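In what follows, a single structure is set out as structure tokens and then discussed.
The values are calculated or read from the model by the stated rules, or taken from the named source; none is laboratory data. Remember, predicted model here, so these are calculated numbers, not experimental data. Because the Cβ atoms are built from the backbone with ideal geometry, glycine has one as well, and the counts that use them run over all protein chains shown. The protein model used for the area step is the full one, side chains on, heavy atoms only, and it has no ligands, DNA or RNA in it. Shrake-Rupley method; radii C 1.70, N 1.55, O 1.52, S 1.80 Å.
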Amino acid sequence: MSDSSMVSIIPPSPLPVPTPQSVYFESTEARNLFRPNNDETVQEALTAQFQKLQKANKTDTSYLTVLSGSTNMDDDTVSCLIKHVLRQKCQLLCFALSLAEEHMPKWTWNRCCNGAVTPFLDLNHDVCEAIK
């Protein structure tokens, strides 16, 4: 055979194998737990929630962004302690969401939350008890 008549056969690329994690985040259970909007995936919802929670600690009043219908509030309405607890909750939820993204479905949501709270408990038991 001449070189011009040879046909090279390229083996097909293997299809990507879905990981248990990617399959989980497409499941009804994950949709019910993380509540994405109709037009977003669960992982997009996790990212959006994470970003919103991170913003709650940017300024003195940015904690208001996580309170429904509370864009303008008098300083006297919420005590400094409550503001501090709200900011701590936002940090803990951020950590729990990052653990969920990394470990689910091997971990449950409860385990992700406990994984976020435990280091804080070790550092400051009183604050974490108020957060619960």
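For the listed peptides 31-40, 93-102, 48-57, 79-88, a ranking on the average number of other beta carbons within 10 Å per residue, highest first, reads 93-102, 48-57, 79-88, 31-40. Suppose R0 equals 41 Å. What FRET efficiency, 1/(1 + (r/R0)^6) with r the Cβ-Cβ distance, do ARG111 and ASP76 give to the nearest 0.05? With a Förster radius of 41 Å, E is 0.55. Pairs from the table (LYS55/LYS106; LYS52/LYS83; LYS55/LYS89) lying more than 24 angstrom apart at Cα are LYS55/LYS106. Computed over protein heavy atoms with a 1.4 angstrom probe, the accessible surface ordering of VAL23, VAL42, largest first, is VAL23, VAL42.
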